């Protein structure tokens, strides 16, 4: 078991795991850590916790120390240099008329290299630009092209929902998002409504996609069960109609009996008149 701490180097950047022997680290503390080419400085994204190293296939870098005043001063100096490099690089891009958009500049902790992040729709020949930047800042220069989603993550902003962008606030990695996710959720396929400020499909389309798929499977199974039940009901013979016909027949016979009784009642006066006639003849 070893203590593991999460470190974020820049705002909206992903969190990296580091081994830590520093016991008094808290959320938000600045720390100096090992990186691939030297040292780096970042903030604690989550407090140290005990983990098993067997769960990690690659060796983990370690936290060197908690940042001291000298480290914090160097970090501030690097931040100021980044702002200056950003302005200078944009001026050089305009001079060389390069089809690229500069997004961010990042200095390594020891100022041994400056990384320039940019976006472009085409391949850019920036060799002359790199020469000018190296001459201006006397350090190694790296030009790194990024996508529009990474640009939105670095710059930040407010989404259509009125909240801070998910990629800026908490998302570490971008998950694949497809138009099928919008179709499965019965959303209107209007590019304006389902796209983020980066111009790509909104990341939140994937949040509830699994739930919609599960609901569709359950509703489909329920519909099939209902259809089978209705089919079985149609195939079952009904005796109610025969009984109703039998009852009707009985009623009809009863009606005929009523007619016969009426006919019998209708002949009674004639019989009385004939008896009176016979009686009168006998008296005479």
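Within this structure, residue 215 fails the test of being outside any loop (DSSP other than H, G, I, E, B), without any contact (Cβ under 8 Å) to a residue 60 or more places away in the chain and either in the same structural domain as residue 103 (by TED's automatic domain parsing) or under 14 Å from the mean Cα position of the chain (by Cα) (or both). Hey, any hits in the stretch 18-35 for a residue that's within 23 Å of residue 117 (Cβ to Cβ), free of Cβ contacts under 8 Å to residues at least 40 places away in the same chain and outside any strand (DSSP E or B)? No.
Of all residues in the stretch 50-57, none are touching a helix residue (DSSP H, G or I) at 6+ places or on another chain (Cβ under 9 Å) and surrounded by 11 or more Cβ atoms within 10 Å (Cβ to Cβ). For residue 42, the conditions (1) closer than 25 Å to residue 157 by Cβ; (2) at pLDDT below 90; (3) surrounded by 15 or more Cβ atoms within 10 Å (Cβ to Cβ) are fulfilled apart from (2).
The values are calculated or read from the model by the stated rules, or taken from the named source; none is laboratory data. If you're wondering where the values come from, they're calculated on a predicted model, not measured in any experiment. Glycine also receives a Cβ, built like all others from the backbone with ideal geometry; neighbour counts cover every protein chain displayed.
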